[in-house]
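The values are calculated or read from the model by the stated rules, or taken from the named source; none is laboratory data. Given the structure is predicted, the values throughout are model-derived calculations rather than measurements. A quick note on method: Cβ atoms are made from the backbone with ideal geometry, for glycine too, and the neighbour counts reach across all protein chains shown. Please note that ligands, DNA and RNA were not included when accessible areas were found on the heavy atoms of the full protein model with its side chains. Shrake-Rupley method; radii C 1.70, N 1.55, O 1.52, S 1.80 Å.
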Amino acid sequence: MSDVSNHMPTAELQALDAAHHMHPFSANADVAEKGVRVITRAKGVMLTDSEGNDILDGMSGLWNVNIGYGRNELADVAARQMRELPYYNTFFHTTHVPVIALAAKLAELAPENMNGVFFASGGSEANDTNIRMVRHYWELKNKPSKRIIISRKNAYHGSSIGSASLGGMAAMHAQGGLPIPDIHHIGQPDWWSEGGGKTPAQFGLERAQELEQAITDLGEDNIAAFIAEPVQGAGGVIVPPETYWPEIQRICDAHDILLIADEVITGFGRTGNWFGSETMGITPDIITFAKGVSSGYQPIGGSIVSDEVADVLGNSEFTHGYTYSGHPVAAAVALENLRIMEEENMLDHVRNVAGPHLREKWQALTDHPLVGQASIVGMMASIALTPHKDSRAAFASDPGTVGLVCRERSFANNLIMRHVGDRMVIAPPLVISPAEIDMLIERAWRTLDETHAHLKDNDMLKARS
Ligand code: PXG
């Protein structure tokens, strides 16, 4: 089909899509019935669809287009690299310049004592690498019984068999017999939904101590690692109480458990630092990265590992790797992306310009009758919708029903805002300007007003008893 272009009528594109394209995380019959939105181009923080609508992308694609759309420098670097060396592998004692340069750059940006990088094409692959890597690490340390990886309910670590097993998404485990053996899940630090009558500080501590309880129950000699997102992204931008991470760090240190920080979303400026680990004050042994490293212009991810882990692994063959580990075009594009982020002081923009502006306006959304909690770290934020703020009640309808109404109103208002259950989430490109933030907030208010009116008209403002 060489004639599939932006110039075909939308209905024809939709029909072809429905006939042949199987969408991720979707029921295809449902997608076909409602008709897909066809995105044709993008610039800065704005998308354009095949009908000519301009849509503010409050999600940076899928949390990844940190630098914004339309940066020609990245296209130029990709074209140059394709002409010079479009592909070569990094197996069998070979390498190439882009992968060397990117590995060195990541080591420079990563926390101290993290200087080894293993490449993959995305976050799921990288977390599969991590499962094999931490188990192999303990084998090499003559502790082969240390195999269990502890993770958290409602975590997202990817969609492959291994990474979906690490994740704590019940709906994903329900299909195909997941999780794989030797993965154990503890509770998430979501005070709004699960904190009951406790203070956030008490609850944060309690949820962290579930890790210590699990170590006691399962035996320290059987546990390889704990994996967590510094701030849960796909789970609904759940910002843990301040007591949570220090206690987790203490427990990992006290029990000889490796700490894997999954920074696929929180990396590369999203929280105002290069890594969310810095923002949360933790020192991981392994960092999973993907998404923002290339701002999504090319698929690339991987694991940044501590010197201790790299040294142990370095003494024997790790029988693992992907055809596209360290792909030269992806590596060159990632390197250019990081260069631009540094040159244009994007972290400073998040910390001192866009971040504080968004924080102020986002937190003011709690003045809206539907909004209970507003959470924000850097450029990732969420609001919890509720029929009754004081009791933090859930809606009587099935979880996600109200969130979906709100998301559909948001799309109709030309704002991409996601729902996770009945939480609404945003993660705009880091380059968003204060004026664009004002536009985002104005559309979000309108969306909330329309959602409120819809719930009222349909008698849906009731709390679950
Ligand atoms: N870890 C984390 C923390 C992620 O957010 C992955 C791993 C997997 O990365 P790949 O590149 O294999 O997709 C992710 C991905 C959503 C959504 O709807 C989130 C992700 C992917 C797709 C959809 O929020 N996160």
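Worth pointing out:
- Of the solvent-accessible surface of the chain, computed with a 1.4 Å probe and all protein chains present, 52% belongs to carbon and sulfur.
- Within the straight-line cut-off of under 21 Å between alpha carbons, the lysines reachable from Lys105 are Lys291, sequence neighbours fewer than 8 places apart in one chain being disregarded.
- Taken one residue at a time, the phi angles of region 234-248 give Karplus couplings (6.51, -1.76, 1.60, θ = phi - 60°) of 4, x, x, 6, 8, 8, x, x, 4, 6, 6, 5, x, 6, 4 Hz. Gly and Pro are set to x.
- Restricting region 203-243 to GluC sites (Glu not before Pro) in coil, as DSSP defines it, with at most 16 other Cβ within 10 Å: Glu242
- Estimated at the nearest 10 Å², the accessible area of Arg407 is 70 Å² with a 1.4 Å probe.
- Take every pair of alpha-carbon atoms less than 8 Å apart whose residues are at least six positions apart; their mean separation over the length of region 73-343 yields a relative contact order of 29 percent.
- Nearby lysines by direct alpha-carbon distance to Lys462 (threshold 17 angstrom, same-chain neighbours under 8 apart not counted): Lys389
- Accessible-area order (highest first, 1.4 angstrom probe) of the listed residues Ile441, Ile180: Ile180, Ile441
- Counting heavy atoms of the protein chains alone, Leu258 has an accessible area of about 10 Å² for a 1.4 Å probe.
- Computed with a 1.4 Å probe over protein heavy atoms only, the accessible area of Asp221 comes to about 110 Å².
- Ordered by 1.4 Å accessible area with all protein chains kept, Ser433, Ser325 run largest first as Ser433, Ser325.
- Average accessible surface for region 73-343: 40 Å² per residue, computed with a 1.4 Å probe over protein heavy atoms with every protein chain in place.
- Each Cα pair under 8 Å and six or more residues apart adds its separation to the average, and for the chain the resulting relative contact order is 19 percent.
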